[in-house]
Amino acid sequence: MVLWALCLAAGCPAPSGPPATGMVAKVKDGDSIVLADGQEVRYLGIDTPELTSSDPREQELARQAKQVNADLVRGVKLRLEYDVERYDQYNRLLAYVRLPDGRLLNVELVRRGLARVLLKPPNLRYREELIRAQNLAIDQRLGIWRELPLAQESHYVGNARSYRFHRPTCPGAQTMTPANRRIFATPLEAYRQGYSPAKDCRP
């Protein structure tokens, strides 16, 4: 404590860390922004459609998500909230973004059907809020959920550790430990519980 007081008196810089607030310099897409200080922020717990998708419908949803993101964040001071992990492998900040009116932007994009829930343990701080928002969007058939996913398999296998679900023939489903195994009748049932499709088998 004495050392810190001496440091302050000598004009030492304050300890640096992830910012608590920020203004936006650039909106990259539906789920990422660049702050005025140059740091890129990736929104935790969600995933919006890709602008580079080969699917025209996904492209259109991606443009809508980017536009809504821009409309909500441009010109306002945002509050950034963090979870267990502060940065990803690309050195992007991982954050929940709180709007000036108190709404959580991550949840708002999901509620509007412009983002899917993408849970990545250990970052589960707002898991329940995100799942509730996704179920509301599904019930109202908004955006992504205008066309509901159809079951193409007899069942699907979810991993309770990773929050990913697989086709039953996928290697990830076959090697999963029994304690982590969850069975879903349809993809929609998995989505309703906050699971996302595994990339290796694209269920």
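Read-outs: derived from the displayed coordinates by stated rules, not from any lab. All values derive from a computational prediction rather than experimental measurement. Cβ coordinates were reconstructed from backbone atoms using ideal geometry, including for glycine residues, and neighbour counts include every protein chain displayed.
Under 5 Å between amide hydrogens, built in the peptide plane, is the criterion, and for Ile183 it picks out Gly158 among residues at least 5 positions away or on other chains. Label sites at Arg103 and Arg161, each approximated as a point 7 angstrom past Cα along Cα to Cβ, lie 3.8 nm apart. Among residues other than Lys26 with Cβ under 15 Å from its Cβ, the summed charge is 0 (Lys and Arg +1, Asp and Glu -1).
Once fully extended, how much extra length lies between Leu142 and Asp71, figured as 0.36 nm per residue of separation less the alpha-carbon to alpha-carbon distance? Present the calculation step by step, with values, prior to reporting the outcome.
Values: separation 71, 0.36 × 71 = 25.56 nm, distance 1.86 nm.
This chain segment gains 23.7 nm when fully extended.
Between Gln152 and Thr177, the C-beta separation translates, for a Förster distance of 22 Å, into a calculated FRET efficiency of about 0.30.
Build a GNM of the chain with springs between Cα atoms under 10 Å apart, and of Ala115, Ala173, Ala62 the one that fluctuates most is Ala173. Packing, as the average of other Cβ atoms within 10 Å across residues, places the peptides 80-89, 98-107 in the order 98-107, 80-89, highest first. Here the Gaussian network model covers the chain, with springs between Cα atoms less than 10 Å apart; of Gln134, Gln59, Gln152, Gln152 fluctuates the most.
With a ≥ b ≥ c the root eigenvalues of the C-alpha gyration tensor of segment 100-168, is it rounded (a/c under 1.5), prolate (a/b larger than b/c) or oblate? Oblate shape, in that a/c is at least 1.5 and b/c is the bigger or equal ratio. May I ask for the net charge around Tyr156, where only other residues with Cβ less than 15 Å from the Cβ of Tyr156 are counted and Lys, Arg are +1 while Asp, Glu are -1? After counting each charged neighbour, the total is +4. Counting only alpha carbon atoms, the long axis of helix 56-73 and the longest principal axis of the chain meet at about 30°. Given an 8 Å cut-off on Cα distances and at least 6 residues of separation, report the relative contact order of segment 42-188 as a percent. The value is 20 percent. Answer with a single label: of (1) 49; (2) 34; (3) 43, which was calculated as percent of Cα pairs over 25 Å apart from the structure in view? Of the labelled values, this structure produces (3). In this structure the amide hydrogen of Lys120, modeled in the peptide plane, comes within under 5 Å of the amide hydrogens of Gly45, none closer than 5 places in sequence on its chain. Here the Karplus curve 6.51 cos²θ - 1.76 cosθ + 1.60, taken at θ = phi - 60°, turns the phi angles of segment 150-159 into couplings of 9, 6, 10, 10, 5, 6, 10, 10, x, 10 Hz, with x standing for Gly and Pro. Of Pro149, Pro18, Pro171, the residue with the greatest mean-square motion in the GNM of the chain, using alpha carbon springs below 10 Å, is Pro171.
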